[in-house]
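The values are calculated or read from the model by the stated rules, or taken from the named source; none is laboratory data. Worth saying up front: this structure is predicted, and the values here are computed from it rather than measured. FYI the Cβ positions are ideal-geometry reconstructions off the backbone, even for glycines, and counts take in every protein chain you see. Just so you know, the surface numbers come from the protein's heavy atoms only, side chains and all, with ligands and any DNA or RNA stripped out. Shrake-Rupley method; radii C 1.70, N 1.55, O 1.52, S 1.80 Å.
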Amino acid sequence: MKYSVLAFLGLSLLLPAAALAADAPAEAAGGTADAIYFGGDILTMAGKTPSYVEALVVEDGRIAFTGSLDAAMTRKSADTRLIDLNGRTLLPGFIDTHGHMVYFGKNMIDADLFGTPDIAGLISRMKAHVDKTPDGAWIVGFGYLARSLKEGRHPTVEELDQVSADRPVMVVDSSGHLGAGNSALFKLLGLSAATPDPEGGNFMRKAGSSELAGPMEETALFAVRAKRPPFTGALADRAAAGAAELWASYGQTTAMECGLGLGDDDIDIVKNAIDKNLLKIDLYICAKDTVANKAIEAGRAVASEYASAHTDDAAARQDLIAAEGTAAPGDTARKLLQLRPDLDKRYINRVRLGGVKFWLDGSTDTAWFTQPYSNNPPGKTGSFSGFQQIPDAVLDEAFDQFWTSGIQINMHMNGDAAVEQTLRAIEKAVAKHGMRDHRPVFVHGTYMRPDQIERAQTYGAIPSYLTSSIVSGGAGAMFLWGGERGNRVMAANTLESKGMTFTFSHDAPVSPKPWILPLVDAGVNRTTAQGQVIGAKERVSPYVALKAVTAYAAFQIKEENTKGTLEEGKLADMVILEQNPLKVDPQTIKDIKVLETIKEGTTVFERE
């Protein structure tokens, strides 16, 4: 598509040539529209069934009108941009309900280990990455899958020593829950045969001894990964801004970092992004449980600076402070602050601290079940039911602290034992504090028994399903967990029939890219890479699957009043797709291209 440049409100915007068409209708006197979209499927995502409008008007970053083209044109002025969709599809901007944007941004400088066939190939990729790694930095790779390697295991410390004998080397699998390190890494961190295994994880040992073998699981890996040298300066800028640009390229206008604190430098990376106003899309943050209070205090400090710098009106300042729960004074340069069309003061330069995150169990290989695995994962013998990562008392305390607050509790859970731990904690909080509109998020919520679904709905819980993992890991889950559990994973259709909200999420970098349409495709088709359909009864329609990344997603993060549908008054957060997902072969939804992403009326991504 050819584009022309037009100066508008002091900005140079790239516009479709159709927007400057000579035969466009004459402007109306007093028209205030910044842009009018027409000429394609404008799917609002409002309501239980698909609803289309002929035209959409944007004014001052918000949707000012939806309806007929004739009515929209009455708002046209000489400066209005007329955007002919040329048969393309306009949707609400996609919302990330469980991703790791900051963590992914840091991973963008790491070796790509996705699809590695064997350990020799993994070592080869890591060696090729050595010269690309700055001096003083760890040599890190991400994305392999142990059970998919020819050897069916993680690399050993000796094998990773081949990458470098004197520089720290760490590899992390595609789940983010398992990995391995070399001798230099363990020496740097003071880890040895005498190091005890942490609760909820372990350092694998060499046969017949307590010497470290290299592989690490769950909390052991988390503790090591948190010590990675900090990203500062240009690296910090690149991690945040680069990841945001990538998220936008997949149609997302709201990203998530659900695990801030996986690295010790995460909070500083986000504060840097706020100070420099680096983000073009919104970022919703959930702080990792171990840094939750630190993150909340940091957020409050920044919020008080925002409130102080943005208004001289005492009452207005108190309104802003109340939105963040702090009354501390402060000062931030006005030039770094960004007014929002929706006046949502929970966001500061596009960043909002909205939740805390707890890991209750592991991934496919380490999920916590009430019944043993049908087939054990590599390296496990005897009766194995996965890992419980935190004691009940820790989760109970979190619900006691946050249940009545504006901070949502997000909990990683794959197995039904982890779900049960959560439900017990919620029941205690309700008994003590009563029901609240908390909307606890069951991150993944992969296997929930029918009785657990009923209880979860009672408390307003929202599962967020990693549906694309059905494609890549469904066969493995069926083997490890058995068909009885495997066919009930991600029970989206059951929830839809009950009127219970759920969302779809990519968990990138667990997914190699922060894709959205493959999530929709997987929720509709539920077909593995091997062609096996898993849980056919839990398939949902393309429209429902789209709601799981738009309207339902906005509800999950408590922003349904400003996002998720194309309705008057909401933010002009939108995405233009090459085709309409409701009108193509459902098997091809994942292949639809994102052509343009628009945040509050401004294009933040455009495909050439």
Restrict the check to region 107-120 and report whether at least one residue is open to solvent by 20 Å² or more (accessible area, probe 1.4 Å), of a type outside the set (A, V, I, L, M, F, W, C) and modelled with pLDDT of 95 or more. yes
Checked T44, T49 against criteria (modelled with pLDDT of 95 or more, among the β-branched types (V, I, T), over 21 Å from R340 (Cβ atoms) and open to solvent by 30 Å² or more (accessible area, probe 1.4 Å)); the one match is T49
If we ask which residues in region 369-381 are open to solvent by 20 Å² or more (accessible area, probe 1.4 Å) and out of contact with any Leu (no Cβ under 7 Å at 6 or more places or on another chain), their number turns out to be 8
Look at F104 and say whether it is farther than 30 Å from A241 by Cβ, of a type in the set (F, W, Y) and either under 27 Å from the mean Cα position of the chain (by Cα) or in a strand (DSSP E or B) (or both). no
In this structure, does A71 turn out to be surrounded by fewer than 21 Cβ atoms within 10 Å (Cβ to Cβ), touching a strand residue (DSSP E or B) at 6+ places or on another chain (Cβ under 8 Å) and without any contact (Cβ under 8 Å) to a residue 60 or more places away in the chain? yes
When residues of region 382-415 are filtered for being touching a residue at least 60 places away in the same chain (Cβ under 8 Å) and either of a type outside the set (V, I, T) or open to solvent by 40 Å² or more (accessible area, probe 1.4 Å) (or both), how many remain? 10
Tell me whether region 507-515 contains one or more residues that are open to solvent by 30 Å² or more (accessible area, probe 1.4 Å), under 23 Å from G143 (Cα atoms) and in contact with a Lys or Arg (Cβ under 9 Å, 6 or more places away or on another chain). yes
Pair list, Cβ < 6 Å and 6+ apart or interchain, from region 136-155 residues that are under 20 Å from M108 (Cβ atoms) to residues that are open to solvent by 10 Å² or more (accessible area, probe 1.4 Å) and in a helix (DSSP H, G or I): I139/V130; F142/N107
Within region 521-553, considering residues that are within 17 Å of the chain's Cα centre (by Cα) and outside any helix (DSSP H, G or I), the one surrounded by the most Cβ atoms within 10 Å (Cβ to Cβ): V549
P168 vs. criteria open to solvent by 10 Å² or more (accessible area, probe 1.4 Å), out of contact with any helix residue (DSSP H, G or I) (no Cβ under 6 Å at 6 or more places or on another chain) and over 22 Å from T366 (Cβ atoms): no
